[in-house]
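Report on the structure given below.
The values are calculated or read from the model by the stated rules, or taken from the named source; none is laboratory data. None of these values were measured; they are calculated from a predicted model. Cβ: placed from backbone, ideal geometry, glycine included. Neighbour counts: every protein chain shown.
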């Protein structure tokens, strides 16, 4: 199977209407799915706690730079130890790109614009790659949409901003293919690979790591299945070798933060075996898909993991296209696509939520440091890109109208469900200057509600980072907190007997000055705190307890 583009290039001035059409198609889809009339200044596009965390990160970077703080470490959360942000999804690339918008219009609008544009940019990146390979603009438009709005994208559209920004993946493939096909030189390739890889590390370190694994896998397959390309594969391998030290040097600030500064980040070992693809998901959608998502909910609700990590649905029309094209001959694309699907299934085959006891190849990867923590289900981003390329090639083969009908059905079957919108929990107490009147300056507080379901990160950001807190949500809690079982269960919303006493001890050992109880706190906690008889005052609907020092 020839991976070289055929025909004449279409990146010319007269082709600009196709580029505009692609952009408008993707933007229109994003507006219909994500925006649907929402006020982008007073609502967050998404649901759960992750949108608030990413909004905090967008506000943190300009704050840290303005105050000459280390942007990769903060003492504002999980005091007194603080948190090493090098091990979190702190999205430095996005934060720096959006910095002018964040400073002028606020982090809420910046987050909404980034979330809205993520699938658009991913689609345009894939459109450019498909156009380079297929040389057919309309085929490339369909291919770009299938990547930008794939089931993987739909699953993460309402939560993980860092995983939604996959626009650089097709650009990296484009750079590699141009070099393999001798359409660009060594200098361009090395610099482009270095800059794109560094930018990707600032989107998601996990995706940065897995794309290296997937690139090595693709290179090895090409070596054994496309033998005439071996001389060019050696050339691209040499360029990657040259790009590696440049990438490393540019990543030194992040790497130093990760490995040269204190950190106690520790993710559950179960996650890589829990967040995997159930093969049934290839055929049956989840509620993240508009067509059939709710109808098949009795089946998809049995999938392992969370809905936001179930992005493997391909749909029957797309499966038909893949089957028609891949059966034509050649081993590279079938093995590449099949290998990615198999890897996404994790270390052990799971069918309908049940472990089948059949080991899979990804189990070997889980034994390796760092990459072993990657979530296999997220490898579907690469499968979606390969599928998009195949569809564009299939459509470019002929002008038969029935193929376009099938491609249209593939788009319809994958159309995302409307994403949720989160009401921003503005509170008068946390307006700039107001919190200082209530508790003073530079105080350490603990806010209830506490943990993953708490808006405390937004309130801290809203106050202009006027206080630190012995808690927060920027990902999984630090390891030192994980040893406190009652606090960990409170973090996930469970109210156990004795939790108030444990909370009181936690406040004192972490040197909390004030415990702030906001509306929405579980009544059992409210009643329990009253029994402690700590000094309390009331302001703007909040109860502010002064935490006594340890004797």
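Tell me yes or no: at least one residue of the stretch 248-261 is without any contact (Cβ under 8 Å) to a residue 24 or more places away in the chain and farther than 28 Å from residue 97 by Cα.
There is no residue in the stretch 248-261 that is without any contact (Cβ under 8 Å) to a residue 24 or more places away in the chain and farther than 28 Å from residue 97 by Cα.
Test residue 513 against the stated conditions and say whether it is touching a residue at least 24 places away in the same chain (Cβ under 8 Å) and touching a strand residue (DSSP E or B) at 6+ places or on another chain (Cβ under 7 Å).
So residue 513 passes the test.
In the list 55, 89, 93, 104, which residue meets the criterion of being surrounded by fewer than 22 Cβ atoms within 10 Å (Cβ to Cβ), in a helix (DSSP H, G or I) and under 17 Å from the mean Cα position of the chain (by Cα)?
Result: 93 is the single residue among 55, 89, 93, 104 that is surrounded by fewer than 22 Cβ atoms within 10 Å (Cβ to Cβ), in a helix (DSSP H, G or I) and under 17 Å from the mean Cα position of the chain (by Cα).
Can you give me the ranges of the strands (runs of 3 or more DSSP E) entirely in the stretch 465-551 with at least 3 residues that are crowded, with 17+ Cβ neighbours inside 10 Å?
In the stretch 465-551, 514-517, 542-546 are the strands (runs of 3 or more DSSP E) which contain 3 or more residues that are crowded, with 17+ Cβ neighbours inside 10 Å.
Evaluate the stretch 59-67: report whether one residue or more is crowded, with 24+ Cβ neighbours inside 10 Å, assigned by TED's automatic domain parsing to the domain that holds residue 166, farther than 30 Å from residue 509 by Cα and in contact with a helix residue (DSSP H, G or I) (Cβ under 8 Å, 6 or more places away or on another chain).
There is no residue in the stretch 59-67 that is crowded, with 24+ Cβ neighbours inside 10 Å, assigned by TED's automatic domain parsing to the domain that holds residue 166, farther than 30 Å from residue 509 by Cα and in contact with a helix residue (DSSP H, G or I) (Cβ under 8 Å, 6 or more places away or on another chain).
Yes or no, residue by residue, for (1) modelled with pLDDT under 95; (2) surrounded by 21 or more Cβ atoms within 10 Å (Cβ to Cβ):
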position	(1), (2)
405	no, no
425	yes, no
428	yes, no
436	yes, no
453	yes, no
456	no, yes
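Among the helices (runs of 4 or more DSSP H) contained in the stretch 230-292, which hold 3 or more residues that are at pLDDT below 95 and closer than 26 Å to residue 71 by Cβ?
Because the criterion is at least 3 residues that are at pLDDT below 95 and closer than 26 Å to residue 71 by Cβ, the helices (runs of 4 or more DSSP H) in the stretch 230-292 that meet it are 252-260.
Can residue 344 be described as without any contact (Cβ under 8 Å) to a residue 40 or more places away in the chain and crowded, with 23+ Cβ neighbours inside 10 Å?
Against the criterion (without any contact (Cβ under 8 Å) to a residue 40 or more places away in the chain and crowded, with 23+ Cβ neighbours inside 10 Å), residue 344 does not qualify.
For residues that are in contact with a helix residue (DSSP H, G or I) (Cβ under 7 Å, 6 or more places away or on another chain), touching a residue at least 12 places away in the same chain (Cβ under 8 Å) and closer than 18 Å to residue 469 by Cβ, tally how many sit in the stretch 487-498.
2
With touching a strand residue (DSSP E or B) at 6+ places or on another chain (Cβ under 8 Å) and without any contact (Cβ under 8 Å) to a residue 40 or more places away in the chain as the only criterion, which of 468, 463, 456, 419 stands out?
456
Taking the stated definitions as given, is residue 93 in the same structural domain as residue 43 (by TED's automatic domain parsing) and without any contact (Cβ under 8 Å) to a residue 24 or more places away in the chain?
no
Kindly indicate which of 321, 304, 236 is closer than 23 Å to residue 163 by Cα and touching a residue at least 12 places away in the same chain (Cβ under 8 Å).
304
Output the residue which, of all residues in the stretch 391-403 that are over 16 Å from residue 148 (Cβ atoms) and surrounded by 12 or more Cβ atoms within 10 Å (Cβ to Cβ), is modelled with the lowest pLDDT.
397
Show the residue pairs meeting these rules: Cβ distance below 6 Å; 6+ apart or different chains; first residue within the stretch 189-209 and in contact (Cβ under 8 Å) with a residue 12 or more places away in the chain; second residue crowded, with 21+ Cβ neighbours inside 10 Å and outside any helix (DSSP H, G or I).
Between residues of the stretch 189-209 that are in contact (Cβ under 8 Å) with a residue 12 or more places away in the chain and residues that are crowded, with 21+ Cβ neighbours inside 10 Å and outside any helix (DSSP H, G or I), the close pairs are 203/165; 206/374.
With (1) without any contact (Cβ under 8 Å) to a residue 12 or more places away in the chain; (2) under 21 Å from residue 170 (Cα atoms); (3) part of a loop (DSSP other than H, G, I, E, B) as the list, and residue 367 as the residue in question, which single condition is left unmet?
Evaluating residue 367 over (1) without any contact (Cβ under 8 Å) to a residue 12 or more places away in the chain; (2) under 21 Å from residue 170 (Cα atoms); (3) part of a loop (DSSP other than H, G, I, E, B) leaves (2) as the failure.
Anything in the stretch 327-341 that is touching a residue at least 12 places away in the same chain (Cβ under 8 Å) and either closer than 26 Å to residue 366 by Cα or surrounded by 19 or more Cβ atoms within 10 Å (Cβ to Cβ) (or both)? List them, or say none.
332, 333, 335, 336, 337, 339, 340, 341 - these are the residues of the stretch 327-341 that are touching a residue at least 12 places away in the same chain (Cβ under 8 Å) and either closer than 26 Å to residue 366 by Cα or surrounded by 19 or more Cβ atoms within 10 Å (Cβ to Cβ) (or both).
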